[in-house]
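The values are calculated or read from the model by the stated rules, or taken from the named source; none is laboratory data. Predicted model, so just to flag it, every value in this text is computed and none were measured. Quick reminder, even Gly has a Cβ in these numbers, built from the backbone with ideal geometry, and neighbours come from all protein chains shown. Keep in mind that these areas ignore ligands, DNA and RNA; they rest on the heavy atoms of the full protein, side chains included. Shrake-Rupley method; radii C 1.70, N 1.55, O 1.52, S 1.80 Å.
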Amino acid sequence: MISLKSPREIEAMEKAGAALAGMHLGLRKIIKPGISSWKIEEFARKYFKAAGAKAEQIGFEGYKYATCVSVNDEICHGFPRKKLILKKGDLVKVDTVVSVDGAFSDSCWSYAVGEVTPEVQKLMDVTKKALFMGIDQCIPGNRIGDIGAVIQHYTEDENGYGDVREFVGHGIQPTMHEDPMVPHYGEHGQGMRLRNGMTITVEPMINTGTWEADTSDPSGWLAKTADGGWSCQYEHTLVITNDGPKILTSQDPEADADYIYDDNYAKYLDHYREIAEKIAKQFE
């Protein structure tokens with residue numbers, strides 16, 4: 001069953017979203033050539049503890065970590081690893097879910113490790129634009145298929161990339177994964193109609209080659225591109241309102257001004273940014 005959120009519930013999710021966005025702001029300061037992907041996990045755990053946020057991925061269907069850290073041809077669900085050392089030119093995706101006082105948020109962000117090639121930068125730029133193109137379709141009266149259709153057309157038809165089918169966005173709150181499923185491919189006018197108060201994630205995963213994933217990793221979690229191409233992902237949690245889509249995990253309220261739910265968000269984010277910066281200094 002899909003629940004439509006009240007203003008009180010949305011405000012609680014706003015705070016959780018700011019807490020998660022704070023982690024991503026901190027990661028910008030520590031992700032660099034020479035660190036292991038385990039350092040990302042260490043930072044996240046210390047930050048969440050200091051921020052009063054619960055890492056909801058730990059224990060989810062047996063998953064042991066606060067973050068998913070996926071590099072280059074890894075699409076998603078990569079374990080943070082002590083022996084995986086990031087090098088200049090890598091593309092790393094960090095995905096996590098947190099709750100604050102029972103309110104959930106979910107966000108993935110992609111990071112260039114040092115300077116990346118023009119090809120990788122284009123993949124990142126296209127994927128981020130696709131995210132916002134999908135978000136712009138999240139208005140009452142539109143359908144789920146409208147979100148995926150614009151993402152698929154832009155990434156595959158216009159840019160020749162592969163738009164991953166195996167993993168999709170989803171509803172969120174009161175648990176991590178709720179209905180409806182939100183594919184990043186599809187047809188306009190198809191699927192469930194969107195309504196005011198729905199909270200969902202939009203999280204396109206875009207590959208340089210085929211859209212197909214290889215899920216044969218012995219861990220049972222890690223998914224890689226089937227052809228070895230590189231993959232990029234960006235994800236926001238958002239609420240559908242009569243005033244348009246409102247992002248609850250923004251890292252830049254000024255740039256995302258049209259998508260911010262209310263003035264509380266910027267205040268929450270400033271609070272969590274300060275915490276993240278203090279923790280990040282321990283990793284310099």
Kindly indicate whether any position in the stretch 162-171 is touching a residue at least 40 places away in the same chain (Cβ under 8 Å), of a type in the set (Lys, Arg), in a loop (DSSP other than H, G, I, E, B) and surrounded by fewer than 24 Cβ atoms within 10 Å (Cβ to Cβ). yes
Tell me the residue from Asp252, Asp270 that is of a type outside the set (Ser, Thr, Tyr) and closer than 24 Å to Asp125 by Cβ, please. Asp252
Just to check your reading of the model, which residue among Val150, Val116, Val126 is crowded, with 16+ Cβ neighbours inside 10 Å, outside any helix (DSSP H, G or I) and β-branched (Val, Ile, Thr)? Val116
Which of the residues belonging to the stretch 1-24 are open to solvent by 20 Å² or more (accessible area, probe 1.4 Å) and assigned to a helix (DSSP H, G or I)? Pro7, Arg8, Glu9, Glu11, Ala12, Lys15
Residues being of a type in the set (Phe, Trp, Tyr), in a loop (DSSP other than H, G, I, E, B) and under 27 Å from Glu115 (Cα atoms): count how many of those fall in the stretch 38-95. 1
Any idea which residue in the stretch 25-72 is most open to solvent (accessible area, probe 1.4 Å), counting only those that are closer than 21 Å to Tyr234 by Cβ and charged (D, E, K, R)? Arg28
So which of Thr225, Thr241, Thr215 is surrounded by fewer than 20 Cβ atoms within 10 Å (Cβ to Cβ) and either among the aliphatic types (A, V, I, L, M) or within 18 Å of Asp73 (Cβ to Cβ) (or both)? Thr215
The condition from (1) open to solvent by 60 Å² or more (accessible area, probe 1.4 Å); (2) part of a loop (DSSP other than H, G, I, E, B) that Glu277 misses is numbered (2)
Hits in the stretch 172-182 (condition: under 14 Å from the mean Cα position of the chain (by Cα) and open to solvent by less than 60 Å² (accessible area, probe 1.4 Å)): Ile172, Met176, Val182
Could you count how many residues in the stretch 201-218 are without any contact (Cβ under 8 Å) to a residue 60 or more places away in the chain and over 18 Å from Leu91 (Cα atoms)? 6
Would you tally the residues in the stretch 181-210 being more than 29 Å from Ile2 (Cα to Cα) and assigned to a loop (DSSP other than H, G, I, E, B)? 3
Output for the stretch 244-272, where each listed residue is of a type in the set (D, E, K, R), surrounded by fewer than 19 Cβ atoms within 10 Å (Cβ to Cβ) and under 18 Å from the mean Cα position of the chain (by Cα): Asp252, Asp256
